[in-house]
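The values are calculated or read from the model by the stated rules, or taken from the named source; none is laboratory data. Since we're looking at a predicted model, the values are computed, not measured. Backbone-built Cβ (ideal geometry, glycine too); neighbour counts: all protein chains shown. Protein only, heavy atoms only, side chains kept; ligands, DNA and RNA dropped before computing areas. Shrake-Rupley method; radii C 1.70, N 1.55, O 1.52, S 1.80 Å.
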Amino acid sequence: MTPVPHLRWTADVRREILPNGLTLLVQRDPFSPAVAVVSWVKAGFFDEPDHLVGVSHVLEHMYFKGSAGVLPGTDLGPGALARETKAAGGYLNAHTSYDHTAYYVVLPPEGLRRAIEIQSTALRGALIDRGELERELQVIIEEARRKLDSPGAVAHETLHEVLFDRHRIRRWRIGTEEQLRGYSREHIAGYYESRYVPGRTIVAIVGNVDPEEALALGREHYGSWTARATTIDDGPQEPPRRGVRSRTLRGDVTQAELVVGWQAPAALHSDETPLALAAGTLSAGRGAWLYQTLREPGVVSSIGASHQAPLEVGVFSIGAELTPARVPDALKGIADAVTRLARRGPTPDDMTRVRALLRQRWARRMESVDGRAMSLASAEALGDLDLLEQEYAALGSTSAADVRAAADRWLVPDAVAAVVYLPESASSDLGTEQLQRAFQPRRNGRPVQRATQPELVASSQGDLLLWRKPGVPLVSLGIYVPRTSFDPPAEAGLAALAARTMTRGAGDLDAASLAIACERLGGVLSSSQSADWAGVSMTSEAGAISDAAMLLAQVAAAPTFGEREVETEKLLVAEDQAQLTDDMFRYPFQLAQGEAFGDQTYGLPPLGTAESLATLGTDEVRRWHDNVYRSARPVLAAVGDVDMEMARDALEAALEQLGGSAARRLGTMADERHAAMTLGGSRVVTRDRKQTALAMLFEGPGRRAEDRWAAEVWAAVAGGLGGRLFEALRDKRSLAYTVLAASVQWRHAGALVAYIATSPEREAEAREQLLLELGRFAREAVSNDEHERAVNYLAGQALVSRQSTSAMLGELVDAYLLGGSLDEIEHPDQGYRSVRREDVLRVATAFENGLRAEGVVRGSS
């Protein structure tokens with residue numbers, strides 16, 4: 001494998017502390033098509049007194065609800081921040097965490113000045129209007145209800161309550177409905193005045209910008225912000241403790257959620273990196289211990305470990321999704337792995353694999369300008385930008401002995417806690433004695449180049465797509481084939497089963513050997529499929545492209561499909577399908593698609609049904625692979641910081657290994673599929689939930705239709721922050737936290753979709769108002785301002801999205817396999833800029849008579 005040169009993540013960062021105490025950070029990235037502005041405020045859940053739990057998150061919402069400008073004429077009304085950002089071709093968002101709240105905007109570089117103008121106005125002059133606050137609190141209450149309907153979120157936050165007796169981490173961090181209803185403007189404004197001050201604020205700017213110009217803009221717009229002295233109550237400290245603790249929750253769920261955890265060190269502790277490597281050893285990739293012992297044999301449907309290390313306290317946790325009957329087996333498997341880690345530590349092969357994966361994860365985080373700006377701001381908040389370099393270096397210098405010692409110090413049997421969330425009908429609770437038995441006590445012991453346009457190389461056996469992206473030494477590559485037939489309804493779930501089982505062994509490599517081979521290249525193997533295409537892909541270190549391509553070819557050409565592997569994966573697919581029915585976002589859409597297409601073509605349940613999965617086995621899986629991978633003409637694609645000749649050689653060698661039929665070589669497989677849509681019906685499922693989720697599906701243009709650009713412009717006008725549905729249904733009526741509009745485009749069909757989740761008692765009102773707003777699109781053209789903002793937003797996002805190799809790979813394959821050519825790649829904004837207001841009106845005639853398919857998950861709480 002070609003060695004990768006060392007990168008300094010903080011290279012050329014300009015740092016300046018203004019007289020008022022605000023910190024400015026600027027880093028130029030000449031390869032990026034975008035710039036990010038991150039406003040990082042040291043005000044999070046840990047800063048909230050008990051009578052104001054959730055107030056940091058409330059302030060995050062009010063940031064978008066109007067601000068008083070420093071200069072006359074610079075005020076921002078409710079929603080203006082989102083609208084102006086959209087008009088500049090950018091997107092924005094925010095998050096609230098334990099020790100900070102961060103706001104960020106990403107947009108083309110020419111929008112930097114306006115981005116800083118409006119971001120500084122929002123940060124410095126929040127109005128916190130009483131009427132807006134009252135409406136937004138109702139929205140946040142809907143968000144809190146949605147969180148209560150998420151079993152994973154409930155289980156993980158309950159673990160914090162069980163682990164800690166005094167520290168603020170133990171609280172339900174979004175706040176209870178009763179608390180939220182009691183907040184007044186005085187509560188929110190008082191917290192804002194005490195926390196949102198220059199000395200607690202970091203502004204990080206990263207992208208293709210002039211550092212001097214960016215610093216000057218920072219001084220201009222933040223320098224006059226008056227410094228204020230504040231006194232902050234740090235909250236109670238957590239005393240040391242021992243003792244095994246457990247809690248069992250029950251609700252209207254299909255699958256169980258199991259979370260096991262320990263108190264762990266906070267940020268800046270010397271054990272932070274060893275515990276990150278410990279978590280990686282346990283769960284990162286298919287070669288991980290817990291994947292091999294629990295996920296691979298089907299004991300759990302998913303499992304992950306993490307060390308969460310904010311300021312003050314940390315948590316090491318392991319979470320799994322599984323059927324209730326397997327909780328004891330999963331608990332034993334987790335305990336065995338943790339005990340092994342503390343006794344013997346990871347092997348040299350484990351360390352090589354996990355280091356490569358964590359380095360790749362690190363690099364991917366730093367690919368995007370907002371990811372890098374967030375990382376810089378986080379390090380600065382912790383006290384030193386060089387912490388980024390130290391943390392990255394520690395991934396290479398930390399030894400297996402260090403990992404073992406950290407696990408032995410922190411993951412101790414007599415301090416473990418666990419939470420399990422079970423269906424109401426499950427037989428028994430998880431008690432502390434059962435937890436103690438599982439965790440038996442143990443003994444101690446190159447030259448600068450701009451990104452090129454993609455290159456298409458057609459050969460007699462397939463097509464190669466090559467696209468160079470300089471900057472970070474990664475390459476994303478994949479092997480894809482177009483689908484030329486739909487799976488029959490009786491075999492629903494077959495494509496998912498076959499695609500997943502492909503990663504369980506290929507050629508002479510079993511599942512573990514295949515996973516480890518990928519992870520030694522710094523990658524994780526992924527196999528995916530849809531009704532229109534199938535593929536295998538991975539992202540690796542750039543120097544490993546030849547080995548990665550050959551490994552992918554082996555998986556695509558010669559998966560073993562062992563009987564045991566197929567049966568194990570079939571159980572996991574069934575569990576995932578059961579869990580999908582607990583998802584208040586995905587399940588309504590599956591119901592709506594099934595109603596529209598009649599449980600076939602694009603309405604076929606992708607994970608199947610209990611009945612269809614029962615009929616599937618090794619013969620059906622092998623037949624599917626023969627029909628899909630060995631017949632259609634393959635497309636091999638690579639995007640990354642690699643020499644194009646080297647990339648071509650690597651893909652050609654992989655293509656040669658694929659071989660294939662005469663039909664594939666000649667490209668004679670025709671796609672003659674047809675997908676008929678029938679509208680006018682609905683599917684309703686009632687659940688014991690706090691919300692009702694409603695998905696509507698109207699007829700829309702497919703991927704190759706001329707109106708597909710206009711459909712996306714409609715979705716940008718209707719949905720997202722500042723969108724018409726957002727403002728009408730969430731801002732003005734407080735009907736929901738989540739409102740969505742989108743254009744879904746398949747190869748042979750398309751749909752315009754809308755989604756809202758609201759309180760069960762407001763379902764009829766939500767449906768009526770949603771249809772009313774959609775009907776407006778059919779009756780009158782969108783305004784000039786709406787049209788301009790949406791077009792600029794989509795055109796900007798078309799460029800901004802090209803920050804990671806994996807995103808560019810997805811764009812490349814989508815354009816070629818579904819769009820039919822690479823023409824749109826060179827000028828990704830052109831299609832959007834050609835859309836007129838009357839084009840949007842023409843697309844919106846789909847809403848004229850309200851003819852639609854609905855999927856409803858109706859809450860009964």
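Annotations
- Kirkwood analysis of the chain, using all unique Cα-Cα pairs, places the hydrodynamic radius at 28.5 Å.
- Taking every DSSP helix (H) stretch of at least 4 residues in the chain, weighting each as -39,500 (n - 2.57) and dividing the sum by the residue count yields a mean residue ellipticity at 222 nm of -12500 deg cm²/dmol.
- The calculated FRET efficiency for residue 611 paired with residue 784, based on their beta-carbon distance and R0 = 56 Å, is about 0.60.
- Under Karplus coefficients 6.51, -1.76 and 1.60, residue-wise ³J(HN,Hα) of segment 602-607 in Hz, glycine/proline x: 7, x, 5, x, x, 9
- Karplus 3J(HN,Hα) series, Hz, for segment 550-563 with 6.51 cos²θ - 1.76 cosθ + 1.60 (x for Gly, Pro): 5, 5, 4, 4, 5, 5, 5, 8, 9, x, 7, 6, x, 4
- In order along segment 327-342, the Karplus-derived 3J(HN,Hα) couplings, from 6.51 cos²θ - 1.76 cosθ + 1.60 at θ = phi - 60°, round to 4, x, 5, 5, 4, 5, x, 5, 4, 4, 5, 5, 4, 4, 5, 6 Hz, and Gly and Pro are given as x.
- Relative intensity of segment 659-806 on a log10 scale, I(q)/I(0) at q = 0.18 Å⁻¹, equals -1.14, per a Debye sum over C-alpha point scatterers of equal strength in the absence of solvent.
- Charge dipole of the chain (Cα centre as origin; +1 on each Lys and Arg Cβ, -1 on each Asp and Glu Cβ, all else neutral): 840 debye, rounded to the nearest 20.
- Amide H contacts under 5 Å for residue 474, placed H, 5+ residues apart: 542, 641
- R0 of 35 Å, Cβ-Cβ distance residue 622-residue 162: FRET efficiency to nearest 0.05: 0.15
- FRET efficiency for the residue 827 to residue 176 pair, using the beta carbon distance and R₀ = 51 Å, is estimated at 0.50.
- For residue 256, residues with placed amide H under 5 Å, excluding near neighbours: 322, 323
- Less than 5 angstrom separates the built amide H of residue 459 from those of 464, all sequence-distant by 5 or more or on a different chain.
- Shown for the chain: the carbon plus sulfur share of the solvent-accessible area, taken with all protein chains present and a 1.4 angstrom probe, equals 49%.
- Solvent-accessible surface of the chain, taken per residue with a 1.4 Å probe and all protein chains present: 37 Å².
- Counting lysine pairs in the chain that sit 8 or more residues apart in sequence, or on different chains, and whose Cα atoms lie under 21 Å apart gives 5.
- Taking every DSSP beta bridge that has both ends in the chain, the antiparallel portion is near 80%.
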